[in-house]
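See structure below.
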Amino acid sequence: MAATRHPTSAHWGSYQVVVDDGRVVGVRPDPDDPAPSPVMGNTPQAQHHASRVARPAVRRRWLDRGPGPDPRRGDPRDEYVEVEWDTALDLLAGELDRVRGEHGNAAIYGGSYGWGSAGRVHHAQSQLHRFLNTIGGYTRSRATYSHGAVEVLMPRLLGTPGANRLLHRAPAWSQIREHTELLVSFGGLRVSNTWTSSGGRAAQTALPAMRDAADAGVEFVSVSPLADDTDEGVRAEWVPIAPGADTAVLLALIHVLFTEGLADTAFLDRYTVGADRLRAYVRGERDEHGRPGGVARSPEWAEGVSGVPADRLRALARRMAERRTLVNVGWSVQRARYGEQPLWAGLALACCLGQVGLPGGGFASGYGSMGNYGGGSTPLGLPRMPQGDNPVDAFIPVARVADMLLNPGGRYRFDGADLRYPDVRLVYWAGGNPFHHHQDLARLSRASAGRRPWWCTRRTGRRPRATPTSSFRRRPCWSATT
């Protein structure tokens, strides 16, 4: 049989799958993609790899012992048994009924994230939440691992409309090419990050657009510990910085603007609140609590923290004041402890420059973090599939899943509120993998292996063949223990 090509789309772009005798044997880029991602080359191996889950499987000890604590959960020696789809569905339905009947729907955690095939119909988390809403709801997650600090902090600084525009309506690269003179990016503009776009993209346009902007005269500065954080074709000036020192550099740049009379005080007076406190803080007139006396956040001070020479910081601040400047804080910078600080300082720097709201100037957070950021947006957003209403009020911040499992009923603070962790008895994950996102995998492993239940489904793209029950030692498709 002659090999055939089938168009498809995934988070790393659109491409063609080459199939020969029912087996994926290769891929070909979409002819209209100007810079196809090499990630598509992993498709044939991933499709047929031994670790790929092909059929439903259940932990043998759960089948033998039923729900309850089990210290063997997560043990590499644990054994999984393949079952037929009807058996798997009956087991899952039974556990859902048991948990919601004994503990209520808040005891069901509907997972977080939902990476699957491109498009909303194949967005596994949407389908899962739609289903759970039909049986009475579930405990949900809030915010994201990717840009959680942006989601929580920026509505406080910009208002909800401004924060939504920052995340979802960023200026396209074509606008940067036309209007921006200097783009200073904290966290670089790594091209490999742009190969991924939630929901998929028709073509990879970020790299050609960045190079086009550079060819048109846009100057790039990459403030990053990594020299290769920005493509060579962009010809960016690299400012090496110690990891985690972005806020110190940003404050030093603000210090130069104030001390040298380069800050746009008219803009600050008209459009911001608290600029006088910021000025007093960076000049060392007040400390972080507003009390007299402090440490001047000068370039010399920042050099000791960041390793960036003071003279270089002064020169960069002056250059930013002279040009139409766009300050970009990448998602990597805010995915750390105190990650809200570089976001706040980056926005404050853009305000001191007085260019927020001007074409090609101001503040951004996401260029070089994902392919669809700066790739253009639809006026009304992406289409969504209705999921119904969730009558359960309980939620957790997305990154607190381990805390929830280890400390049911415990108190915590989030977004200015005092909350309690729900007593979750069943975790249902679809299309995602918490061990890919979570920040403390050892702790998440302990939480997952505790008394709480664990259910997980993965999309395989095909219905399993009817086979006799057999031992299954690969990664489980789904399992439950309590």
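The values are calculated or read from the model by the stated rules, or taken from the named source; none is laboratory data. Given the structure is predicted, the values throughout are model-derived calculations rather than measurements. Counting neighbours? That spans all protein chains shown, and the Cβs are built from the backbone with ideal geometry, glycine included.
Structural remarks
- Elements of type helices (runs of 4 or more DSSP H) contained in segment 33-126, each with 2 or more residues being of a type in the set (Gly, Ala, Ser): 85-103
- Of all residues in segment 45-67, none are of a type in the set (Phe, Trp, Tyr) and surrounded by fewer than 18 Cβ atoms within 10 Å (Cβ to Cβ).
Residue-by-condition table, conditions (1) outside the structural domain of Phe131 (by TED's automatic domain parsing); (2) modelled with pLDDT under 90; (3) under 33 Å from the mean Cα position of the chain (by Cα); (4) within 27 Å of Thr139 (Cα to Cα):
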| site | (1), (2), (3), (4) |
| --- | --- |
| Val25 | yes, no, yes, no |
| Pro29 | yes, no, yes, no |
| Asp33 | yes, no, yes, no |
| Trp62 | no, yes, no, yes |
| Val81 | no, no, no, no |
| Thr87 | no, no, no, yes |
| Arg100 | no, no, yes, yes |
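The rows are residues; the columns are (1) within 30 Å of Gly409 (Cα to Cα); (2) at pLDDT 90 or above.
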site: Val58; (1), (2): yes, yes
site: Gly68; (1), (2): yes, no
site: Arg77; (1), (2): no, no
site: Glu84; (1), (2): no, yes
site: Trp115; (1), (2): yes, no
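- Whenever a residue of segment 300-320 is on the phi > 0 side of the Ramachandran plot, its partners that are among the aliphatic types (A, V, I, L, M), lying with C-beta atoms within less than 9 angstrom and at least six residues away or across chains, give the pairs Gly307/Ile241; Gly307/Ala242; Gly307/Ala245.
- Sole residue being surrounded by 18 or more Cβ atoms within 10 Å (Cβ to Cβ), among the hydroxyl-bearing types (Ser, Thr, Tyr), farther than 16 Å from Tyr428 by Cα and under 18 Å from the mean Cα position of the chain (by Cα), chosen from Ser146, Ser112, Ser141, Ser126: Ser146
- Restricting the first member to segment 249-270 and to residues that are on the phi < 0 side of the Ramachandran plot, and the second to residues that are buried (at least 17 other Cβ atoms within 10 Å of the Cβ) and of a type in the set (D, E, K, R), the beta-carbon pairs closer than 6 Å and six or more apart or on different chains are Leu251/Arg297; Ala252/Arg297; His255/Arg297; Val256/Arg314; Phe258/Arg279.
- Some residue of segment 2-23 being β-branched (Val, Ile, Thr), more than 30 Å from Val392 (Cα to Cα), touching a strand residue (DSSP E or B) at 6+ places or on another chain (Cβ under 6 Å) and exposed (fewer than 13 other Cβ atoms within 10 Å of the Cβ): yes
- Sub-7 Å Cβ pairs linking a first residue in segment 64-91 that is under 17 Å from Ser51 (Cα atoms) to a second residue that is among the aliphatic types (A, V, I, L, M) and assigned to a loop (DSSP other than H, G, I, E, B), at least 6 apart or interchain, are Gly74/Ala449, ordered by first then second residue.
- The set of residues in segment 98-135 that are under 19 Å from His437 (Cβ atoms) and in contact with a helix residue (DSSP H, G or I) (Cβ under 8 Å, 6 or more places away or on another chain) comprises Tyr109, Gly110, Gly111, Ser112, Tyr113, Gly114, Trp115, Gly116.
- Residue ID - modelled with the lowest pLDDT, chosen from residues in segment 127-138 that are assigned to a helix (DSSP H, G or I) and of a type outside the set (A, V, I, L, M, F, W, C): Gln127
- The helices (runs of 4 or more DSSP H) falling completely within segment 166-245 that include 3 or more residues that are among the small types (Gly, Ala, Ser) map to 206-215.
- Residue selection: Arg324 fails the criterion of being at pLDDT 95 or above, farther than 23 Å from Gly188 by Cα and either surrounded by 20 or more Cβ atoms within 10 Å (Cβ to Cβ) or touching a strand residue (DSSP E or B) at 6+ places or on another chain (Cβ under 8 Å) (or both).
- Residue under evaluation Ala149, criteria (1) within 19 Å of Gly357 (Cβ to Cβ); (2) among the hydrophobic types (A, V, I, L, M, F, W, C); (3) out of contact with any strand residue (DSSP E or B) (no Cβ under 7 Å at 6 or more places or on another chain), criterion not met: (1)
- The residue list Leu405, Leu419 contains one member that is outside any loop (DSSP other than H, G, I, E, B), modelled with pLDDT of 95 or more and either over 25 Å from Pro161 (Cβ atoms) or not assigned by TED's automatic domain parsing to the domain that holds Gln439 (or both), which is Leu419.
- His179 outside the structural domain of Leu426 (by TED's automatic domain parsing) and of a type outside the set (A, V, I, L, M): yes
- The condition of being more than 30 Å from the chain's Cα centre (by Cα) and of a type in the set (Val, Ile, Thr) holds for only one of Val256, Val249, Val308, that being Val256.
- Any hit, segment 375-384, residues being touching a Phe, Trp or Tyr at 6+ places or on another chain (Cβ under 6 Å), in contact (Cβ under 8 Å) with a residue 24 or more places away in the chain and either among the aromatic types (Phe, Trp, Tyr) or surrounded by 19 or more Cβ atoms within 10 Å (Cβ to Cβ) (or both): no
- Hits in segment 263-274 - residues which are surrounded by 19 or more Cβ atoms within 10 Å (Cβ to Cβ) and either closer than 26 Å to Ser222 by Cα or under 31 Å from the mean Cα position of the chain (by Cα) (or both): Ala263
- Some residue of segment 150-159 being assigned to a helix (DSSP H, G or I), surrounded by 16 or more Cβ atoms within 10 Å (Cβ to Cβ), among the acidic types (Asp, Glu) and at pLDDT 90 or above: yes
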